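*Asks:* If you scroll down you'll find the structure; I have some questions about it.
A short reminder: the numbers here are calculations on the coordinates, not readings from a lab. Note that the structure is predicted; figures quoted are calculated from it, not measured. Quick reminder, even Gly has a Cβ in these numbers, built from the backbone with ideal geometry, and neighbours come from all protein chains shown.
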Amino acid sequence: MAQLFTPFTLRGITFKNRLVVSPMCQYSAEDGFTNDWHFVHLGSRAVGGASLIILEATAVSPEGRITPDDIGIWKEEHVPGLRRIADFLKEHACVPGIQLAHAGRKASHASPWKGGEVVPATEGGWETVAPSAVPFTEAEPAPQELSLAGVQQVVDDFRTAAQRTLDAGFEVIELHGAHGYLLHEFLSPLSNKRQDQYGGSFENRIRLLVEVVEATRTVWPEHLPLFVRISATDWTEGGWTAEESVALATILKDKGVDLIDCSTGGNVPAAQIPVGPSYQVPFAEQVKRETGLPTGAVGLITSPEQAEEIVASGQADLVLLARESLRNPYFPLRAAHKLGADVAWPDQYERAKPRKHH
């Protein structure tokens with residue numbers, strides 16, 4: 001039996017297989033509202049057989065958006081549109097998840113196909129916030145250093161967003177602590193130069209993420225899983241390291257986190273990253289091996305055989321597909337056929353299901 005198509009249970013939720021649609025920004029929202037694009041994009045991947053779909057980085061505050069086109073959950077009015085998506089996913093045996101995020105100093109940029117540059121306030125942009133007034137690149141304006149009250153506001157925003165996530169019917173939350181966004185900016189000494197209780201030592205740099213996890217768990221029910229995505233390394237001298245990722249995961253395990261989604265990089269523009277197939281998988285393997293916490297692997301995973309190997313060899317428990325899922329929404333159905341696993345197809349598509357010929 002293909003290990004990729006065995007069920008996996010965390011708390012009260014069982015995923016029918018190990019293939020997950022990774023959060024991927026669509027930059028297609030207005031004022032944070034989901035629309036038909038998001039519904040069709042996500043719905044087609046549920047129909048395509050994924051066991052869990054994690055919605056793109058969903059901003060917990062307006063200033064937490066990467067671009068003015070990001071989806072959000074900072075107001076009650078966002079909930080019905082999100083619920084429509086969650087309901088459809090559940091109807092198709094797919095667990096609905098959401099990635100709660102704050103972009104920190106990487107906020108207020110134009111969407112990629114609009115040039116990706118900083119959006120000035122005069123054109124609908126806003127002042128960004130960060131642990132310290134250190135810009136992402138020298139060409140960009142410095143962010144505003146968060147006051148202690150501002151840090152507390154971030155924790156409150158994540159807690160409120162978690163409550164809305166529950167109201168919208170989602171069953172997994174992933175907290176975005178990766179890719180150089182706000183929570184990662186606090187973790188890394190390259191972006192966190194604070195002198196207070198949120199900067200300096202390892203314990204201080206992880207404090208905000210730990211507080212966000214604790215706040216989320218106060219409203220997120222016991223029977224629902226909580227994931228955290230981290231960048232397991234900054235790939236840069238003096239930055240966040242794989243060893244720190246293991247130490248962080250050990251602490252998060254005791255705080256009610258169920259899975260670490262291991263990505264890398266994103267916090268410094270000039271990092272030397274050895275990109276290649278499965279290049280991030282060793283980090284998922286290390287965290288799993290050294291902490292006993294389940295992990296998700298992501299990054300240039302493009303074939304059924306590659307995904308199967310990751311799960312079968314115990315390197316990770318879930319495989320998250322991003323670009324491969326954009327290329328092929330039905331990847332799980334095709335992978336099952338290729339690996340000889342018999343999985344249910346949607347009734348409407350059953351007549352197209354490949355059959356073994358004898």
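*Asks:* Determine how many Å³ per residue the convex hull of the Cα atoms of the stretch 61-116 encloses.
*Replies:* On the way: hull volume 5.2 nm³, N = 56.
Each residue corresponds to 93 Å³ of Cα convex hull volume.
*Asks:* How big is the convex hull of the Cα atoms of the chain, per residue, in Å³?
*Replies:* 130
*Asks:* Let me ask something else about it. Charges only on Cβ, +1 for Lys and Arg, -1 for Asp and Glu: so what's the dipole of the chain about the Cα centre, in debye to the nearest 20?
*Replies:* Working: 32 positive and 45 negative charges, 234 e Å.
Here the size comes out at about 1120 debye.
*Asks:* At a 10 angstrom cut-off on C-beta neighbours, averaged per residue, how do the peptides 270-282, 227-239, 31-43, 328-340 rank from highest to lowest?
*Replies:* Values: 270-282: 13.8, 227-239: 21.8, 31-43: 17.1, 328-340: 19.1.
Top of the packing list down: 227-239, 328-340, 31-43, 270-282.
*Asks:* Whole percent per 5 Å bin, from 0 to the bin with the longest distance: what is P(r) over all C-alpha pairs of the stretch 18-97?
*Replies:* The percentages, shortest bin first, are 3, 17, 29, 25, 16, 8, 2.
*Asks:* Shifting gears a bit: With N residues in the stretch 235-358, what two-decimal value do you get for its Cα radius of gyration over 2.2 N^0.38 Å?
*Replies:* Working: Rg = 17.5 Å, N = 124, 2.2 N^0.38 = 13.7 Å.
This ratio for the stretch 235-358 stands at 1.27.
*Asks:* Just to verify a number: FRET efficiency for Glu237 and Arg351, C-beta to C-beta distance, R0 = 41 Å, to 0.05?
*Replies:* Working: r = 57 Å, r/R0 = 1.40.
The calculated FRET efficiency here is 0.10.
*Asks:* Take Ser313 and Lys193, extend 7 Å from each Cα along the Cα→Cβ direction, and tell me the distance between the two endpoints in nm.
*Replies:* In this crude spin-label approximation the distance works out to 4.2 nm.
*Asks:* Right, another one. For the stretch 1-155, what mean projected area does the convex hull of the alpha carbons give, in nm²?
*Replies:* Numbers: hull surface 45.3 nm².
Across all orientations, the stretch 1-155 yields a mean hull projection of 11.3 nm².
*Asks:* Tell me the mean residue ellipticity at 222 nm calculated for the chain from its helices only (DSSP H runs of n ≥ 4, each -39500 (n - 2.57), averaged over every residue, nearest 500). Could you put the intermediate results ahead of the total?
*Replies:* Working: 11 runs with 115 residues, N = 358.
It comes out at -9500 deg cm²/dmol, rounded to the nearest 500.
*Asks:* For the stretch 24-39, list residues with backbone N below 17 Å from a point placed 7 Å from the Cα of Arg323 toward its Cβ?
*Replies:* 24-26
*Asks:* Only bridges with both residues in the chain count here: give the DSSP antiparallel percent, nearest 5. Each step should come with its number before you reach the end.
*Replies:* Numbers: 5 of 41 bridges.
About 10 percent, rounded to the nearest 5.
*Asks:* Under a GNM of the chain (C-alpha, springs under 10 Å), which listed residue has the highest mean-square fluctuation: Gln163, Gln348, Gln195?
*Replies:* Of the options given, Gln348 has the highest mean-square fluctuation.
*Asks:* Using the Karplus equation 6.51 cos²θ - 1.76 cosθ + 1.60 (θ = phi - 60°), what ³J(HN,Hα) coupling, rounded to whole Hz, does each residue of the stretch 206-213 give in order, writing x for Gly and Pro?
*Replies:* 8, 4, 5, 4, 4, 5, 5, 4
*Asks:* For the stretch 98-219, go through all pairs of different Cα atoms, get the mean of 1/r, take its inverse, and jot down that Kirkwood value in Å.
*Replies:* 15.1
*Asks:* Quick one: what do you get for the stretch 147-265 if you divide its Cα Rg by 2.2 N^0.38 Å? Before the final figure, lay out the partial values.
*Replies:* Numbers: Rg = 13.8 Å, N = 119, 2.2 N^0.38 = 13.5 Å.
Against the empirical 2.2 N^0.38 Å value, I get 1.02 for the stretch 147-265.
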